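To start, the structure itself, in structure tokens.
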Amino acid sequence: MTSPFLQPPVPSISMAPLLLFSLLLLRFSNPTTCSESHISAIVSSKGIDFVKDLLVNEAVKTMTPLDLPDIQKTTKIPLVGYVTMVASDLTLYELNVTSSSANLGDSGVEIVASGVTADMSMDWSYSYTVGWIKISDKGNASVRVEGMEVGLTMIMKSNNGSLELTVSDLSCYIDKCIISLNGGASWLYQGFVNAFKNHIRSAVEKAIIQRVTDGSSKLNALLQKVPKSISLDHISSLNLTLVSNPIYSDTSIEFDINGLFNSSSRKEEANNKWRNYNLNKRVHLSSDCKSKMVVASIDELVFNSALQVYFQAGYMNLLVKRLPVQSILNTASWQYIVPQLYVMYPNDPMALNISISSPPAVTVIEEKLSGTLYADVIVDVMDGNNTVPVACIQVEVAASGNLTMSGDSITGAVGLDDFALTLKWSNVGNLYMPLAEGIFRVLLNDVLMPLANILLEVGIPLPAVHGFSLQDPYIYTSNSALFFCSDIAFSNSTSILLHTLRNVL
């Protein structure tokens, strides 16, 4: 029997196990505005503030201790004459940031740390000559810097598919520099302050600017090492190429990457297959997502490219020899479907050799994923030691499901919408397809769908960065894309990411 909905394959979802397979692949990935972008991540102003606080806090920790060059100056002191003064072993040992802000511009992010205070220690010495007599003294001092403001603009661009970070408009300004000398003559205090206050202020400003410049260069070098493609196994890899410059708005930054799965042996072929697909779709974020730090959108073509790769690699075949209802796989259960089969092979065990006949595909629609799977099922009879193919049935399965978040895992459920059978060939006469449909309905409803739902109920844990956790993650589907949004919380001071940042900054 041929169903009226049985048509040539179109991009849609496969049956339940393939839906689960796609979701498992998703965990390796990351709204779609560029002609070659299929995965995008939007970082909101709330998320930018989180990253800003992280960078500022780590920069403060790595900025201290900060050693400054010695300063020597000769100045004329009334009633004393020319005095040579030296400030040595200047060390900035504590830095505190009162407030910081991050503002988005047309091409970058402006970060300003204000109300910064710094505490320093140093040694001082002086010497001067009266006649033939050289007079000298030394001691130590404390320096407090107040009203410091550090500002920089971070510009991010795409450079040959990688994210390039540069810093422009970097500045550091200090309002007050208070020097407290321990010991020394009273006349020295004001002379020393007058001689060194501006020099120390300038030295601190230059040192902080240099440290920030060096840190940003190292951070950019680290970004250049991020691979443009990652191999998931010996079959597939994921294209992480940045396809355009980040897109800035008043409230967010959007990063667009290619995001397609490629065959490890034919990388260009998989990319070119979807190159002319129409991606001019408006991204509509739900109200729940707009308030989150990070929003990621995965276009349905990401799933399709993965399924295409694994289909071409021959990983979508299944030989079914055992079932919970084992009697189905016996010619006795098929005697009214194919009478000649039972006559030729009475009470012989059977097997179903299932092969996907065309690449399955995912269609993401409002609040669910749906699609159609096309497979050829060859009915084999186990005649003694011989396996005898007796018939081939084309099966079309339409299924749909939904996804939800449970903790930090993606869970969901899938159900059978419809299916249809078509006899392609038979060596045992005609099949009575209405009865065959009963067997396949049992196979689908009582075996494959429950198995898929058990796996989906267990859930797919989202990848986590050590030291950070997701806060109130949310997932939904709309407009041919799956959306994931979440806040992020810092949970561990020993984070591997923080350790890397400290080494870089």
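The values are calculated or read from the model by the stated rules, or taken from the named source; none is laboratory data. Small disclaimer: the values here were computed from a predicted structure and weren't measured. Note that we place each Cβ from the backbone using ideal geometry, even for glycine, and neighbour counts take in every protein chain shown. The protein model used for the area step is the full one, side chains on, heavy atoms only, and it has no ligands, DNA or RNA in it. Shrake-Rupley method; radii C 1.70, N 1.55, O 1.52, S 1.80 Å.
Residues in the range 440-466 that are open to solvent by 20 Å² or more (accessible area, probe 1.4 Å) and at pLDDT 75 or above: 13 in all. Residues that are open to solvent by less than 40 Å² (accessible area, probe 1.4 Å) and more than 46 Å from the chain's Cα centre (by Cα) were ranked within the range 61-79; the one that is farthest from Val116 (Cα to Cα) is Ile77.
Note on the range 88-166: enclosed strands (runs of 3 or more DSSP E) holding 2 or more residues that are open to solvent by 20 Å² or more (accessible area, probe 1.4 Å) and within 17 Å of Glu205 (Cα to Cα) are 108-130, 133-159. The number of residues in the range 198-251 being out of contact with any Gly (no Cβ under 6 Å at 6 or more places or on another chain), hydroxyl-bearing (Ser, Thr, Tyr) and either closer than 21 Å to Ser162 by Cβ or assigned to a helix (DSSP H, G or I) (or both) comes to 9. Ser493 fulfils the conditions (1) open to solvent by 40 Å² or more (accessible area, probe 1.4 Å); (2) modelled with pLDDT of 85 or more; (3) of a type in the set (Gly, Ala, Ser) except for a single criterion, (2). A single member of Asn220, Asn245, Asn272, Asn239 is among the polar types (S, T, N, Q), at pLDDT below 90 and open to solvent by 60 Å² or more (accessible area, probe 1.4 Å), and it is Asn272.
Take the conditions (1) of a type outside the set (Ser, Thr, Tyr); (2) open to solvent by less than 60 Å² (accessible area, probe 1.4 Å); (3) out of contact with any helix residue (DSSP H, G or I) (no Cβ under 6 Å at 6 or more places or on another chain); Gly412 misses just one of them, which is (3).
Checking each residue in the range 364-418 for being closer than 23 Å to Asn330 by Cβ, part of a strand (DSSP E or B) and small (Gly, Ala, Ser) picks out Ala375, Ala391.
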